[in-house]
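Read through the structure below, which is laid out as C-alpha cells, and then see the notes.
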Amino acid sequence: MSDAAHIAQLVVKHRHGLLAYLYGVLPDAHVAEDLFQEVCVVAVQKAAEFQDGTNFVAWARTIARNKLREHLRRRSGITVDDAFFDGLESAFDGVPNPDVRKDALRRCLGGIQDRARQMLVWRYEEGLTAAAIADRTGASRASVNSLLQRVREILRECVERRISEARA
Amino acid sequence: MNAEEKDLLHRHLNGDLDVAEQAAFFAQLQSSPELRRELASLATDEMLLSELVLEGRTAAPAPRRTRTWIPGAIAAALLLGLSLILILGRGASTGLRVVAVAGAATLQRGDIDQPLRPGIALLDGDRIATAKGRATLEKPGTVVEVQDDTSVVLRDRGAHLRLEHGIVDARADGLVLSFELGAAQLRKANARVDVAPDRTRVEAEEGSVVVERADWPQLDIAAGEYARMEPLQRTTTGRIVRRAIVDDAVRRGCAFLESRRSDLVVPITSEKRHGTAPRRTYAELALLALHRAGIPDSDPLKAELLGSVKGRSVDSTYGAALQAMALAEIDPLAHHDRIRLCAQLLVDSQCRNGQWDYAVKLAVPDVPAAGRIRRRSEGPAAGDNSVTSYAVLGLHACSRAGIEIDPDVLARARAWWLQCQNGDGGWGYNDAGDAAANDASRRTATTNSSYGSATASGVASLAAIRDLQKDPRSDDAIRRGLQWLGGNFAVDRNPRKDPGFVHLHWLVTAARAGVVLGTERFGAHDWYAEGAEFLMGSQRPTGQWTVEQGDFMKAERNDVLDTCLAILFLRNRR
C-alpha cells in the first residue's frame, strides 16, 4: 500500500477524534469539516514524513494546529501559542473513543423532541449561531443559549447513563 | 469550573462569542485544565451530534460556505478507501424489504448511514437503528417490526437477526433472533424479543419459540409464555397477557376518559392535615394515562389537559408529583421549566421528618433557571407515606429529566422510609413506632401495621432513591420489603386491607416498584400477568374501571380515577 493510501486509511480511522479537536476550537460544523479536509490534504501530501509506529493523531494534530492558527488569525485576529494547543491536546487525549458514544447519542437523540430538535437542526445542519436562531425565532439570545445548554446536559446525562448501563 | 466559565464555554459552542469574548475564553482555557477537559468532552459530543443531525437531515441542505477543492490524488485515495469499505461491507441479499417506516430510522451499510426508507432491499450486514421511530420489514412468510430505540443487524441472508438492543416483533417460521445472552428461534410463531441492558425477554404470542443460551439447557416456550434471561442467572418463565387484548382494553379506557372529559378538570378539594386543604384535579393523572396509552400530542383532549396542567398553579403534592411525571415522559426539554417548578415545590415542601403532606407551598417561588434544585424552606412537621411515595417518584422523574435534586432531600426521605419500616418488612400509613405521627382522622382505614399499598410505596420509594443516589444503605430494607410483597401479594385486593380499599393505587404502586427494581415477580407472583388479568376481568362494558369500594375515597370520582390507574398499570411495563 502506498504511503498516501495508508495515511488516507488512518485519517478515516481517526476522523472523529480529529474533527472533535477542530470543532473544540472552531465550533462550526461546516468550518470544522472544511479544515478537516484541508488537514487530510496536507497529511497525504506529507505522507512520506509520517513514521509508522509513531502517534498518528499527534502528528495530524500538528497539521491541524497550523490550520487552526491560520483560520483564527484570518477570521478574528486572535493569535494563540503552542502552550494553548499543548494543553488542549492533552485534554482531548483524555476523551474516550467517540465511536462508542455515537450509538448511545443516536439513541438519546430520539428522546429529544420538537422544539429542541428544531434548534439542533438550525445549529448543526444550517450552522446558525445562537444570535441567528434568536433572530429567526424571536426568542432572546439568552434563552437560545440556555436551551442549547440544556439539550447538551440532558444528552450527556442520557449518553453516560446508557454507556454505564451497557457496561453493567 | 465557575458559573462564568461554564456560561462562556456553552456560548463558545453556540457560536455566540464576539472577538473579545473569544480571546478571553481562550485565555481562560489556557489557565484551567478543568475547563479544557469539559470543552474536549462537550466538543466530542457536539461533533457527533452534528453528524447525527446531518444524517437525519430534515431541512434543505444548507449551502456550504467555503471549500470545494480536493486535489485529485487525495480524492482518489479517499475514494479508494471508501470503495473498499463499501465493497467489503456489501453483503448478500436477505430477501427482506422495508415496507413501512414511522418516525426516524437509519440504515447503516458499511460506513455509510442513510435514512431508512420504504422500498429499500436489505443486505446481509445492514444495521437498522431506530430512535423515535419504527420500521416494518417483510419477505414472503416473514414480517419483522423493529420498534422504537432498537438496533438490529441482518445476517445469514435474512435468516438471522442480531438484536443489539431494543424490541423486535416477528411473525415467521425458522427465523433466528440472537442477542448477547443467547438466541430465539421462531417456530411458526408470532414473538417479541426485548433486549435491555440488564435482561432479555422473549415472548411467544402464537406458535412456539426455542430459546438457547450457552451453557444452559435449551428451553421451549409455547404461545402465551415468556422467558426472561439475566446474566449468570437461570432463565425464568411465566405467562404473558396478549398485547392485542391489553391494547383493546386501554383503547376502551381512553374512550371512557374522553366521554368524561369535564370531570377530568373539575377541582376536587383534597384531604387536609395541616393548613388549607389543597385543590387538585385529575388532569395530571389523566394526561399521564393518555400519554402511556400512546395517544398523540395532537389529540384534542390530551392538548387540553396539557394546557390545563401548565396553566394553573400547583397546590397539592399529588398534583406536583404527577405533573412532573407526565411532563417528563411527554417531553422533558419542552417542559423543562415547568418540571423545575414542580421539583422546587416538592423540595420546598418536604416535611421536617422526611415525609410530605398533601399541600405544597402556595407561593410560587422564583425557580432558578439552571443548577441544582435546593431546599429553601421546610414543610410541616409530618405527612403520610402515601403522599410521600408520590413526592419521591415525582422527584425521581424530575431527576431522570435532567434536573438535579438537593441530595439532602432524598437522603432525608430515605432516612424516613428506613425508620418507619415495620419489623415484618412491610410499611404502614405512618410510623408505627411514633403514635404522634398517626393520622387520627384516618386511623380506622389507614393503619400503621403493614399493608400492600403502603409496602409497595416504601419499596418503590427506596428503590427510586437508590436509583438516583446509588447508596447501598437501603438494600436490606428493600430486600425485606420485597419478601413482604412476595408473601402477601394479591391482585383481588390491597393485601391486608378490606376489599376495594385503594385497590388500584396498590396495583399501580406495586407495578412502579417492580419496574424501578426491574423485577417481574414478587415471590411466586408474576405481578404484571396477574394484575392485567384482574383488570381484563374487571373492566366494564363502557370501558371504565370502578374497583374502589367503601367510604375512604368517597370524595373522589372513582370511575375516572380507577380508569386512569388501570391504564397506568397496564402500560407500566415499558
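The values are calculated or read from the model by the stated rules, or taken from the named source; none is laboratory data. The structure presented is a predicted model; accordingly, all values stated were derived computationally and were not measured. In this analysis, Cβ positions are derived from the backbone assuming ideal geometry, glycine residues included, and neighbour counts consider all displayed protein chains.
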Helices (runs of 4 or more DSSP H) (entirely within region A:108-168) containing at least 3 residues that are facing another protein chain (nearest Cβ under 7 Å), more than 26 Å from B:GLY133 (Cβ to Cβ) and in contact with a Pro (Cβ under 9 Å, 6 or more places away or on another chain) = none
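Every residue, every condition in (1) surrounded by fewer than 16 Cβ atoms within 10 Å (Cβ to Cβ); (2) among the aliphatic types (A, V, I, L, M); (3) modelled with pLDDT of 85 or more; (4) part of a helix (DSSP H, G or I), yes or no:
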residue	(1), (2), (3), (4)
A:LEU10	no, yes, yes, yes
A:HIS16	no, no, yes, yes
A:PHE84	no, no, yes, yes
A:SER90	yes, no, yes, yes
Part of a helix (DSSP H, G or I), within 8 Å of chain B (Cβ to nearest Cβ) and free of Cβ contacts under 8 Å to residues at least 60 places away in the same chain - does that describe any residue in region A:95-105?
-> yes
Every residue from region B:117-130 that is free of Cβ contacts under 8 Å to residues at least 24 places away in the same chain and of a type in the set (D, E, K, R) | B:ARG117
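I'd like to check something: does region B:330-344 contain any residue that is touching a strand residue (DSSP E or B) at 6+ places or on another chain (Cβ under 9 Å), in contact (Cβ under 8 Å) with a residue 40 or more places away in the chain and closer than 30 Å to B:PRO380 by Cβ? Before the answer, list the steps.
Of the residues in region B:330-344, the ones touching a strand residue (DSSP E or B) at 6+ places or on another chain (Cβ under 9 Å) are B:340, B:343-344.
Filter once more, so that each one left must be in contact (Cβ under 8 Å) with a residue 40 or more places away in the chain: B:340, B:343.
Cutting the leftovers down to closer than 30 Å to B:PRO380 by Cβ gives us B:340, B:343.
Yes, that holds for at least one residue.
Table: residues versus (1) within 13 Å of chain A (Cβ to nearest Cβ); (2) modelled with pLDDT of 75 or more.
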residue: B:THR58; (1), (2): yes, no
residue: B:ALA77; (1), (2): yes, no
residue: B:ALA92; (1), (2): no, yes
residue: B:LEU96; (1), (2): no, yes
residue: B:VAL99; (1), (2): no, yes
residue: B:GLY103; (1), (2): yes, yes
residue: B:ARG109; (1), (2): no, yes
residue: B:PRO118; (1), (2): no, yes
residue: B:ILE128; (1), (2): yes, yes
Tell me which residues, restricted to region B:319-334, are touching a Leu at 6+ places or on another chain (Cβ under 8 Å) and surrounded by fewer than 24 Cβ atoms within 10 Å (Cβ to Cβ).
-> B:GLU329, B:ILE330, B:LEU333
When both residues are 6+ apart or on different chains and their Cβ atoms are under 8 Å apart, which pairs have a first residue that lies in region B:131-147 and is acidic (Asp, Glu), and a second that is part of a strand (DSSP E or B) and surrounded by fewer than 21 Cβ atoms within 10 Å (Cβ to Cβ)?
-> B:GLU138/B:ARG97; B:GLU138/B:VAL99; B:GLU145/B:ARG134; B:GLU145/B:THR136; B:GLU145/B:ASP169
Checking B:VAL153, B:VAL195 in turn, the sole residue that is among the β-branched types (Val, Ile, Thr), closer than 18 Å to B:GLN108 by Cβ, within 14 Å of chain A (Cβ to nearest Cβ) and within 21 Å of the chain's Cα centre (by Cα) turns out to be B:VAL195
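What's the total number of residues in region B:4-39 that are part of a helix (DSSP H, G or I), within 20 Å of A:SER146 (Cα to Cα) and either in contact (Cβ under 8 Å) with a residue 12 or more places away in the chain or facing chain A (nearest Cβ under 9 Å) (or both)?
Taking region B:4-39 and keeping what is part of a helix (DSSP H, G or I), we get B:4-13, B:19-31, B:33-39.
If we keep only those that are within 20 Å of A:SER146 (Cα to Cα) too, we end up with B:4-13, B:21-22, B:25, B:35, B:38-39.
Then keep just the ones that are either in contact (Cβ under 8 Å) with a residue 12 or more places away in the chain or facing chain A (nearest Cβ under 9 Å) (or both); that gives B:5-13, B:21-22, B:25, B:35, B:38-39.
The qualifying residues number 15.
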Return the total of residues in region A:23-56 being touching a residue at least 12 places away in the same chain (Cβ under 8 Å) and either at the interface with chain B (Cβ under 10 Å from one of its Cβ atoms) or under 14 Å from the mean Cα position of the chain (by Cα) (or both).
-> 18
Out of all the residues in region B:170-185, is one or more of a type in the set (Asp, Glu) and under 17 Å from B:ILE240 (Cβ atoms)?
-> no
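Kindly establish whether B:ALA454 is under 18 Å from the mean Cα position of the chain (by Cα), outside any loop (DSSP other than H, G, I, E, B) and either modelled with pLDDT under 95 or surrounded by 14 or more Cβ atoms within 10 Å (Cβ to Cβ) (or both).
Details: under 18 Å from the mean Cα position of the chain (by Cα): no; outside any loop (DSSP other than H, G, I, E, B): yes; either modelled with pLDDT under 95 or surrounded by 14 or more Cβ atoms within 10 Å (Cβ to Cβ) (or both): yes.
No, not satisfied.
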Any pair with Cβ under 6 angstrom, 6 or more apart, that starts in region B:400-419 at a residue that is aromatic (Phe, Trp, Tyr) and ends at one that is assigned to a helix (DSSP H, G or I) = B:TRP417/B:GLY458; B:TRP417/B:SER461; B:TRP417/B:LEU462
A careful count of residues in region B:45-55 that are within 8 Å of chain A (Cβ to nearest Cβ) and out of contact with any Lys or Arg (no Cβ under 7 Å at 6 or more places or on another chain) gives 7
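Looking at region B:499-557, which of the residues that are in a loop (DSSP other than H, G, I, E, B) and among the hydroxyl-bearing types (Ser, Thr, Tyr) is surrounded by the fewest Cβ atoms within 10 Å (Cβ to Cβ)?
Taking region B:499-557 as the starting set, the residues that turn out to be in a loop (DSSP other than H, G, I, E, B) are B:499-502, B:518-520, B:523-524, B:539-557.
Cutting the leftovers down to among the hydroxyl-bearing types (Ser, Thr, Tyr) gives us B:519, B:542, B:546.
Working: B:THR519: 17, B:THR542: 14, B:THR546: 19.
Out of the qualifying residues, it is B:THR542.
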Has region B:567-574 got at least one residue that is within 26 Å of the chain's Cα centre (by Cα) and without any contact (Cβ under 8 Å) to a residue 60 or more places away in the chain?
-> no
